[in-house]
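The values are calculated or read from the model by the stated rules, or taken from the named source; none is laboratory data. Every value quoted in this text rests on a predicted model; they were computed, and no experiment measured them. Methodologically, a virtual Cβ is constructed for each residue, glycine included, from the backbone with ideal geometry; neighbour enumeration extends over all protein chains shown. The protein model used for the area step is the full one, side chains on, heavy atoms only, and it has no ligands, DNA or RNA in it. Shrake-Rupley method; radii C 1.70, N 1.55, O 1.52, S 1.80 Å.
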Amino acid sequence: QVQLVESGGGLVQPGGSLRLSCAASGIIFSIYNMGWYRQAPGNQRELVATITSGGITNYADSVKGRFTISRDNAKSTVYLQMNSLKPEDTAVYYCNAGGRITGSWGQGTQVTVSS
């Protein structure tokens, strides 16, 4: 059974940084495309960043240049480094394995950007 456990969320001031982690189990992590999505209250879940099994990355325009997705296959973990955070980045962030439509999801971690 696939299990994805996110950590690293919290409250940060505008301009600050956070690093999210997602530890995966129950899958052969190295062959999975992984992603981070977020959902703010009243909004649909949206893509933040993805990374393929081969390390190719993709970002939403709203986070390009500020966020970096990476993976450590030896630790079965995917990361999201978030810099220059803005209040509009406030959301629950979800880890995904295997794609938005048929993939698996973590329970989410809250990120709040506020002064």
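Data overview
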read-out: First in the stretch 51-65 and without any contact (Cβ under 8 Å) to a residue 40 or more places away in the chain, second anywhere and open to solvent by 50 Å² or more (accessible area, probe 1.4 Å) and aliphatic (A, V, I, L, M), Cβ under 9 Å, 6 or more apart; value: SER53/ILE31; ASN58/LEU47; TYR59/LEU47; ALA60/LEU47
read-out: Given (1) exposed (fewer than 14 other Cβ atoms within 10 Å of the Cβ); (2) among the charged types (D, E, K, R); (3) under 14 Å from SER76 (Cα atoms), number of the condition GLU46 does not satisfy; value: (3)
read-out: Some residue of the stretch 56-76 being modelled with pLDDT of 95 or more, crowded, with 20+ Cβ neighbours inside 10 Å and among the charged types (D, E, K, R); value: yes
read-out: Residue tally, condition touching a Leu at 6+ places or on another chain (Cβ under 8 Å), over 16 Å from PRO41 (Cα atoms), part of a strand (DSSP E or B) and among the hydrophobic types (A, V, I, L, M, F, W, C), over the stretch 71-115; value: 5
read-out: Total residues in the stretch 81-102, condition touching a helix residue (DSSP H, G or I) at 6+ places or on another chain (Cβ under 9 Å) and surrounded by fewer than 21 Cβ atoms within 10 Å (Cβ to Cβ); value: 0
